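Down below is the structure, laid out as structure tokens.
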Amino acid sequence: MWDGLVIGGGLAGLIAGIRALERGKKILIVSEGVGSLAFAGGVLDFGRVRELRRLEKHPYAYVGEMAERAFSYFLQLNPAYTGTWGRRGSVLTPLGTLRETELLPRRLDASPLFKANKIVVAVPGGLKDFFPEIVKANLQKEFPSGNVRLKKLSVEEFADWRAAGKSIPGTVYAEFWGTERGNTALKRHICEIAGEADSEAIVFPGLPAIGCPEVDEVLAGISLPVVGMTSFPPSAIGLALYESLTRRVKALGGELLIGVGVERVEVESARARRAIVRSKGKETALTAETFVLATGGFLGRGLVATPDDVRETVFGLPLHVPPLRGGKDFLGEQPYARAGIEVDRHLRPCDPATGEVLLENVFAAGRILAHWDPWLEHCGGGVSLSSGLLAGELL
Amino acid sequence: MYTQTQWGEEGGPGPKPAAEPGGDDSHRQECGDPAGLDACVKCGICTAHCPVARAYAPFPGPKNLGPDAERLRLEGVALDPGCLAYCTNCKTCEVVCPSGVRITDMILRARRQQGSAQAESAKSRLRIRDHVLGRAEYLGRLGTVWPEFTNTVLATKLTRRLLQKALGISAEAPLPKYKKRFRLEKGSAAELTSESGQNGGKSVEGTGSSSMGRGAAGDPSAGNGSASKQVVYFPGCFVNYNDEATGLAVIRVLEHNGFEVIVPGFHCCGVPLTANGRFREAEGNARRNLALMEPYLERGIPIITSCTSCGLALKEDYPRIRVPAAKRIGAQTYDLFEFLWLLHERGELKEDFLEVRVPLAYHAPCHLKAQGIGTPSLRILRLIPGVKAEELDAGCCGLSGSFGFKAEKYELSLQIGHALFQRVRQGMREGKFKAVITECGGCQVQIAQGSGARSLHPVWILAQAYGLGGGT
Ligand SMILES: Cc1cc2nc3c(=O)[nH]c(=O)nc-3n(C[C@H](O)[C@H](O)[C@H](O)COP(=O)(O)OP(=O)(O)OC[C@H]3O[C@@H](n4cnc5c(N)ncnc54)[C@H](O)[C@@H]3O)c2cc1C
Ligand code: SF4
Ligand code: SF4
């Protein structure tokens, strides 16, 4: 018997679990897959919280103070991150353009580039999904007064990858820089660039940004700023964030059950009792006092769309589904983005038609909530963090 | 009463391949239909987590070998079969995949179809090697006939160099030590509680039952004895040939909880055979084991495993065999600690624990993660006063059964386990823990080799807490 069972181990579920564990609860997190953190590149967007809060039914409207608390909570949880409430920072996209965000790994903070006149882009040999010429052109556009040049680094340790005709995934490069040999190579390359006359800042794709003290140490000894980049999925930095959160769960004595989905939950008189999980060979029943539903949206598979409707996959809860009107403008608003569960102020699922609370001891958090659009409002990380933290307080 | 006749591979008591249909037919469906293919959203998460793809450049990784290549395979295009052999079947890819794609099914099926065992072992010495490594049983029997001799011989550099030259078994790899064969005597409870660390020379062939003085209780046809207090124990090759003491500890813990433990003369579960491309023999073993289990399964008696790879095979592979017993095996197989946790939840676990003051690190074996039951051993151990257990969470140990014994894969196997060894060494240095606990015998051997740390099955901690003789 657990105090709390969290269904879905993405950003929202993990934060809920960590907070509840800190409060001394016995927590189990069950997740089908590793969640969408690996897609998100490790930066967390909050968006214009004050404006969004005014939208009726927007998650920011009912989580209230929790948004700001979640912001500082996350910074304290993960010292590799930086950010100032109410202000935006910038990071480089995988193509070398700038984009704004609120919570970012220090390593990705692009602000030093605004002050540099001579920018060197390191080009680690064979790095997958990295396009140096495009990055150079885009950086030049972003910083028209500066001079951008490329610097090829040949890393002999990857000779066998090249021989196999394969480019090297960012995750493999990131891991390598943290090893002893990688560390030595990194130091050598960076010192070489720093020693050249026309360098004032280094852009370095594929560097680890979270939980890699070895690399931090090398870079601390360099006088030039070294700016990392976000990458295409699967993102090494997103995965590192995921791993740092799961480690935290385990360090606090929590348990993670990854790779199996909750098939269904048995409900008695508006209370969830037992979650049924598809283990190998048989079903396992998990009993808990309270539950968090953080199964994500269409990508996390908390919601599935069929030609004629949208379904919530665990409880079969009734959903808010906006009328289909868009669709003409491909990049415009996609109404399905706002589909999801309606909840009360305590994150308990409600019937969208009547407002009646449907489950007393279930708290919904993250992408599965209705009435928000991470793409248009740029608040994917913020809503998931704040609703996750609130769920962690309620568990 | 059964007689163990595993010696002659084909001479066993196993049934003729059953003619009647039965078991889980999902296998058939999967074979005919590419289900799962469309579920793949091409996110690449699996390959980012695959321990082999991370460490070994030429390995294309699960996305490529599984769902991507499956499309080609369905159209009759085959890939270079050599790379398929580098998949260790650790199942990490399947665990992390957000879409539930059965990646390793696809890879194993491809290996089976392409006969990649032959391709990999084009040279006959490698075929012999796969034959030897595929049969923990053979190697085991060799070792247990005269353990001292085998261990001495296996330990000499010369022998290991010869093995590497002749068979491609790495001279450096940590071959487990061979001990006397695990045997359980009928009515041997008293003996079991005696000092077991010293390989007490029990060697009665046949079904053993630990029931106190109840001679026929091990016989499923004997109607006496309530089925609810009986369990069948599937020890697996590691306990059978390398680590008898742990098997006895498992039995003592179950007995302490009031169970009568039945140990039929099981054969190797088949996992090492599958891993070495000997699919038909693996299925043969499964059939024979199922035949041995059938009478117990019919009476609803649970099958307990203490090896996570055996457990996974019983839960995942055996239900696909087309014999009636296959219908029950998945649901009735429990990992030891999964079973004990159920007892705990029902309030039936004996919790008269003595304090065990020892800081431990826990390594979750890949095949435990793949069972989808979480980490029940940690849950149980944390019920014991004094136990502090930290989860290492540093990925795969790299050995993957016999993978790391192969000369061409030995280095790679250590590289895969590098992160884990580093964490273990660091933790030991800082005095954070004194030993590593993990269910898998292969992981134990590899961790000891890679990091020098003492490693043991978690049942030892529980046995100590019960005052049944300890392991720390
Ligand atoms: C491609 C992409 C890029 C993004 N980029 C950014 C970005 O740059 N900045 C930003 O701030 N945000 C970004 N986001 C959004 C942000 O990542 C999400 O808001 C947030 O991760 C959602 O978290 P979640 O925990 O609600 O859902 P998810 O992360 O989707 O997690 C849901 C989890 O639940 C599991 N699950 C589903 N069903 C079950 C079941 N029945 N039983 C057990 N488990 C189940 C899933 O496997 C999954 O692990 C991005 C999202 C995507 C998809
Ligand atoms: S198999 Fe799963 S993890 Fe791998 S690419 Fe496809 S969906 Fe992603
Ligand atoms: S089973 Fe393991 S080694 Fe094989 S592809 Fe999957 S993750 Fe890689």
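The values are calculated or read from the model by the stated rules, or taken from the named source; none is laboratory data. Fair warning: this is a prediction, and the values are worked out from it, not measured in the lab. Because the Cβ atoms are built from the backbone with ideal geometry, glycine has one as well, and the counts that use them run over all protein chains shown. Just the protein is used for accessible areas: all its heavy atoms, side chains included, with ligands, DNA and RNA removed. Shrake-Rupley method; radii C 1.70, N 1.55, O 1.52, S 1.80 Å.
Data for the structure
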read-out	value
Yes/no for residue B:373 being of a type in the set (Val, Ile, Thr), under 22 Å from residue B:444 (Cα atoms), touching a residue at least 24 places away in the same chain (Cβ under 8 Å) and in a loop (DSSP other than H, G, I, E, B)	yes
Residues of region A:254-306 satisfying the condition of being within 13 Å of residue A:4 (Cβ to Cβ) and polar (S, T, N, Q)	A:287, A:290
Residues of region A:336-388 satisfying the condition of being touching a helix residue (DSSP H, G or I) at 6+ places or on another chain (Cβ under 6 Å) and of a type in the set (Phe, Trp, Tyr)	A:363, A:372
Unique match (being under 22 Å from residue B:313 (Cα atoms) and not β-branched (Val, Ile, Thr)) among B:385, B:365	B:365
Residue A:222 in contact with a Pro (Cβ under 9 Å, 6 or more places away or on another chain) and more than 14 Å from chain B (Cβ to nearest Cβ)	no
Residue satisfying condition, being open to solvent by less than 40 Å² (accessible area, probe 1.4 Å) and without any contact (Cβ under 8 Å) to a residue 60 or more places away in the chain, within set A:185, A:159, A:137, A:174	A:185
Output for region A:37-55, where each listed residue is away from chain B (no Cβ under 14 Å) and surrounded by fewer than 20 Cβ atoms within 10 Å (Cβ to Cβ)	A:48, A:50, A:51, A:53, A:54, A:55
Filter pass, residue A:247 being within 29 Å of residue A:1 (Cβ to Cβ) and modelled with pLDDT of 95 or more	no
Given (1) more than 8 Å from every other protein chain (Cβ to nearest Cβ); (2) assigned to a strand (DSSP E or B), number of the condition residue A:245 does not satisfy	(2)
Residue ID - surrounded by the fewest Cβ atoms within 10 Å (Cβ to Cβ), chosen from residues in region B:51-74 that are of a type in the set (A, V, I, L, M, F, W, C) and within 10 Å of chain A (Cβ to nearest Cβ)	B:57
Top-ranked residue in region A:254-285 [being at positive phi and out of contact with any Lys or Arg (no Cβ under 7 Å at 6 or more places or on another chain); ranked as farthest from ligand 1 (Cβ to nearest atom)]	A:269
Residue pairs meeting the criteria (Cβ under 8 Å; at least 6 apart or on separate chains; first outside any helix (DSSP H, G or I), in region B:418-439; second open to solvent by less than 80 Å² (accessible area, probe 1.4 Å) and aromatic (Phe, Trp, Tyr))	B:436/B:362; B:437/B:362; B:437/B:460; B:438/B:362; B:439/B:337
Output for region B:436-472, where each listed residue is over 22 Å from residue B:338 (Cα atoms), open to solvent by less than 10 Å² (accessible area, probe 1.4 Å) and small (Gly, Ala, Ser)	B:453
The listed residue being under 19 Å from the mean Cα position of the chain (by Cα) and open to solvent by 50 Å² or more (accessible area, probe 1.4 Å), out of A:90, A:72, A:154, A:145	A:72
Top-ranked residue of region A:270-320 - restricted to ones that are polar (S, T, N, Q) and surrounded by fewer than 16 Cβ atoms within 10 Å (Cβ to Cβ), ranked as nearest to the other protein chains (Cβ to nearest Cβ)	A:287
Unmet criterion (only one of (1) surrounded by fewer than 18 Cβ atoms within 10 Å (Cβ to Cβ); (2) within 16 Å of ligand 2 (Cβ to nearest atom); (3) outside any strand (DSSP E or B); (4) at pLDDT 90 or above) for residue A:346	(2)
Subset of region B:228-242 [at negative phi and not aromatic (Phe, Trp, Tyr)]	B:228, B:229, B:230, B:231, B:232, B:235, B:237, B:239, B:240, B:242
Check on residue B:369, modelled with pLDDT of 90 or more, surrounded by 23 or more Cβ atoms within 10 Å (Cβ to Cβ) and among the basic types (Lys, Arg)	yes
Strands (runs of 3 or more DSSP E) completely within region A:16-103 that count 2 or more residues being closer than 16 Å to residue A:243 by Cα, away from ligand 3 (no atom under 16 Å from the Cβ) and out of contact with any helix residue (DSSP H, G or I) (no Cβ under 6 Å at 6 or more places or on another chain)	A:27-31
Condition met for residue B:287 (without any contact (Cβ under 8 Å) to a residue 24 or more places away in the chain and either open to solvent by less than 10 Å² (accessible area, probe 1.4 Å) or more than 11 Å from chain A (Cβ to nearest Cβ) (or both))	no
Positions within region B:322-340 being within 13 Å of chain A (Cβ to nearest Cβ) and of a type in the set (A, V, I, L, M), in sequence order	B:326, B:329, B:331
Condition met for residue A:129 (over 21 Å from residue A:236 (Cβ atoms) and not aromatic (Phe, Trp, Tyr))	no
Residue that is modelled with the highest pLDDT [pool: residues in region A:166-183 that are out of contact with any helix residue (DSSP H, G or I) (no Cβ under 7 Å at 6 or more places or on another chain) and more than 9 Å from chain B (Cβ to nearest Cβ)]	A:173
